Amino acid sequence: PAVKAAIYLPSALTSDREGNIYLASRSGIGWNIRKIGPEGKISLLAGNGQMGTEGDGGPATQASFYAISDIAADGKGVLYVADQTNPFIRKIDKNGIVSKVAENAWKELGDKVHPNGVAADSAGNIYVSDSAGCVIRKIAVADGQVSVFAGTGDFEDSGDGGPALSAGIRSPGGLAFSPQGELYVAEEQSNRIRKIGKNGIISRAAGTGEPGYSGDGGPATEARLKGPHRMAFDARGNLYFTDRDNGHVRKVDARGVIANVAGNQNIGWMQDGLEVRITVQDFP
C-alpha cells in the first residue's frame, strides 16, 4: 500500500485519466518514478536507483535519472520526464520503454537547456519551461520540431497584455494547461503565475510580484505569493498551486479569486486527518 511506502524527497506529481498517480522522488543516488493505482497500490515505473542518463530504448525500470524536476501525462498513456541536469526530455510509453523526445532537434540547442517544467496539450504537443534560457519551448507532436512558444530569452518580467513571444519570462518553472487550453506558467523568482491564452497573449493570473503572503478571498492578481512552484487544474477550472516558500497549497477559482486550501505557514510535518476538500475525481 502507498500509505506504508517510504518516499524520499518527492519532486513531482501528476495523474492520468484512469486515476493513476505518478510520483517522482529520490532513490539511492538517483531518482525514480512510482505509480499509485486507484486502489492505493504503489509500484516502480522507472528508475534503477543510479544517477545518469542511461537506458534509452529499454525498460524504464532499468534506466537512470539525474534529478527529475517534473513529469506530465499526455492522456494517451505516455509519461514525459523533465530532468534538470539532462537537457533532453524523455518519455515512457505504454509498454514501459524509455526514450528521448525529439532527440535530433533538441540536440541542436546544446547542453545549456535547463528543463524545469513539462506539460502536454490536448493534441499531444509537449511544452517545456527552460529556466536557464528564460523561454517556453514547444515540441510538435506531428514532426518533432522544437520551437520557442513564449519568452524573449531575457531575464526580466515584461510583456503582459502582448504576444507571449515578445514577453520577458524570468526563470519559468511549473506548467499546467487549463481545461480551456490556456497554458499557465509559474515564475518562482518573480512570485507570480502567468497565463498564455490560445491567442498567444500573455497576462498575469496570480501574484503582484512582491514576495509575501496575502490576498485570500480577493482577486488572485492582487495577492502576494512566495515561490509558486507546481500547478494542476481540476475539471471545474480551479487552479491549485504550491506556494512553496509560504508552505501552502492555494487555489485560484474560475472567477480569479484566491484561497488557501492546505498549510498554515509553518513549514514541516504536522498532522494527518484534517479535512482538505480536494478529491482525485475532481481532476481530468
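The values are calculated or read from the model by the stated rules, or taken from the named source; none is laboratory data. This is a predicted model, so every value here is computed, not measured. When we count neighbours, we look across all protein chains shown, and the Cβ atoms used for this are built from the backbone with ideal geometry, even at glycine.
List of remarks:
- Candidates Asp70, Asp56 - the one that is touching a residue at least 12 places away in the same chain (Cβ under 8 Å) and within 20 Å of Ala120 (Cα to Cα): Asp70
- Condition check for Ala150: in contact with a strand residue (DSSP E or B) (Cβ under 9 Å, 6 or more places away or on another chain) and either within 20 Å of Tyr184 (Cβ to Cβ) or among the small types (Gly, Ala, Ser) (or both): yes
- Within the span defined as segment 39-52, every residue fails to be part of a loop (DSSP other than H, G, I, E, B), under 23 Å from Asn104 (Cβ atoms) and in contact with a Lys or Arg (Cβ under 7 Å, 6 or more places away or on another chain).
- Condition check for Val113: part of a strand (DSSP E or B), within 21 Å of the chain's Cα centre (by Cα), surrounded by 15 or more Cβ atoms within 10 Å (Cβ to Cβ) and not basic (Lys, Arg): no
- Members of segment 82-111 that are over 20 Å from Leu165 (Cβ atoms), of a type in the set (D, E, K, R) and modelled with pLDDT under 90: Asp83, Glu103, Lys107, Asp111
- Restricting attention to segment 120-138, the residues that are among the small types (Gly, Ala, Ser) and part of a strand (DSSP E or B) total 2.
- Qualifying residue in segment 76-98 (condition: of a type in the set (Ser, Thr, Tyr), outside any loop (DSSP other than H, G, I, E, B) and either within 25 Å of Gly173 (Cβ to Cβ) or in contact (Cβ under 8 Å) with a residue 12 or more places away in the chain (or both)): yes
- Taking the criterion of being farther than 18 Å from Asp70 by Cα, buried (at least 16 other Cβ atoms within 10 Å of the Cβ) and not hydrophobic (A, V, I, L, M, F, W, C), the residues of segment 124-167 that qualify are Gly151, Thr152, Asp157, Gly159.
- For segment 171-178, the criterion of being over 30 Å from Ala259 (Cβ atoms) and either crowded, with 24+ Cβ neighbours inside 10 Å or not hydrophobic (A, V, I, L, M, F, W, C) (or both) is met by none of the residues.
- Test result for Val141, free of Cβ contacts under 8 Å to residues at least 60 places away in the same chain, of a type in the set (Val, Ile, Thr), under 24 Å from Thr14 (Cα atoms) and in a loop (DSSP other than H, G, I, E, B): yes
- Whichever residue in segment 1-38 is assigned to a loop (DSSP other than H, G, I, E, B) and within 14 Å of Ser64 (Cα to Cα) and, among such residues, is modelled with the highest pLDDT: Ile29
- Filtered residue count, segment 39-68, keeping only those that are in contact with a Pro (Cβ under 9 Å, 6 or more places away or on another chain) and modelled with pLDDT of 90 or more: 3
- Of the residues contained in segment 146-165, one or more are found to be of a type in the set (Val, Ile, Thr) and in a strand (DSSP E or B).
- Lone unmet requirement of (1) over 27 Å from Asn125 (Cβ atoms); (2) at pLDDT below 95; (3) among the hydroxyl-bearing types (Ser, Thr, Tyr) for Ser190: (1)
- Here Thr61 meets each of (1) farther than 22 Å from Asn116 by Cα; (2) surrounded by fewer than 17 Cβ atoms within 10 Å (Cβ to Cβ); (3) of a type outside the set (A, V, I, L, M) with one exception, condition (2).
- Scope segment 1-45; condition more than 23 Å from Tyr240 (Cα to Cα) and either without any contact (Cβ under 8 Å) to a residue 12 or more places away in the chain or buried (at least 17 other Cβ atoms within 10 Å of the Cβ) (or both); matching residues: Lys4, Ala6, Arg26, Ser27, Gly30, Trp31, Asn32, Glu39, Ile42, Ser43, Leu45
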